[in-house]
């Protein structure tokens, strides 16, 4: 089966003997497991203060790790990773392969999307068909955040953004940049804000502030079929509006 090309994704290859240990100390998920053979992980790169910078898929294929990343943040993220290499034996280069994705039966060389089964599979090779799947509808149905929309650099936190539910963070892997703050949020605090699914009665563009009366309550993001992903304060869940639209949790 041929999937559709993902035109909004960029692909990079990490090679060198330290590629796995290097990423293990940088990202939120366990990369060491990829040393056992082909596989895929979804992970985030954080600031030292534990705030989101970028997210991407890490794919083990042969002697390389592929980084499948949103094109809008690809160059900046690769430049940041390069700065951290120091003396590690790691080379980062753009890959000539194409990112394809699809639903239904998974091709032999593809990988199931590690975030949620509803997101189908991803493959890396030749270009696929023209895009036709409504991925936003799938994301909204399962409250799955997207780079640059619900996931805001220097602002979002992983646990508020659903990374634990979506298998994007490992609490047993040891240290990585931003790990201490993420672990503290997991074990010592109760989340008071986060992404959730809401219904939208009316119309409001993504990014519209959500209010409870005159009090800020959150932000409205991706919408589909009268529902949306919203970032909300959990103590303000009734009597909500976004512009002229009514919001119901």
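Values as computed for the structure displayed
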| item | result |
| --- | --- |
| Selection count, segment 39-61, where residues are over 17 Å from residue 77 (Cβ atoms) and either buried (at least 20 other Cβ atoms within 10 Å of the Cβ) or without any contact (Cβ under 8 Å) to a residue 24 or more places away in the chain (or both) | 2 |
| Candidate set from segment 185-198 (those that are touching a residue at least 40 places away in the same chain (Cβ under 8 Å) and exposed (fewer than 15 other Cβ atoms within 10 Å of the Cβ)); member that is nearest to residue 139 (Cα to Cα) | 197 |
| Breaking point among (1) outside any strand (DSSP E or B); (2) under 16 Å from the mean Cα position of the chain (by Cα), for residue 237 | (2) |
| From the options 159, 151, residue that is closer than 19 Å to residue 26 by Cα, without any contact (Cβ under 8 Å) to a residue 60 or more places away in the chain and outside the structural domain of residue 33 (by TED's automatic domain parsing) | 159 |
| Residues of segment 46-86 satisfying the condition of being assigned to a loop (DSSP other than H, G, I, E, B), within 16 Å of residue 156 (Cβ to Cβ) and touching a strand residue (DSSP E or B) at 6+ places or on another chain (Cβ under 7 Å) | 47, 50 |
| In segment 192-234, the residues that are out of contact with any strand residue (DSSP E or B) (no Cβ under 9 Å at 6 or more places or on another chain) and assigned to a loop (DSSP other than H, G, I, E, B) | 214, 225 |
| For residue 174: the one exception among (1) farther than 16 Å from residue 41 by Cβ; (2) in contact with a helix residue (DSSP H, G or I) (Cβ under 9 Å, 6 or more places away or on another chain); (3) surrounded by fewer than 16 Cβ atoms within 10 Å (Cβ to Cβ) | (1) |
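Residue by residue, here is whether (1) part of a strand (DSSP E or B); (2) surrounded by 20 or more Cβ atoms within 10 Å (Cβ to Cβ); (3) touching a helix residue (DSSP H, G or I) at 6+ places or on another chain (Cβ under 7 Å) holds:
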{"position": "88", "(1), (2), (3)": "no, no, yes"}
{"position": "109", "(1), (2), (3)": "no, no, no"}
{"position": "138", "(1), (2), (3)": "no, no, yes"}
{"position": "162", "(1), (2), (3)": "no, yes, no"}
{"position": "168", "(1), (2), (3)": "no, yes, no"}
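The values are calculated or read from the model by the stated rules, or taken from the named source; none is laboratory data. Just so you know, these numbers come straight off a predicted model, no measurement behind them. Here Cβ is always computed from backbone atoms with ideal geometry, including for glycine, and neighbour counts include all displayed protein chains.
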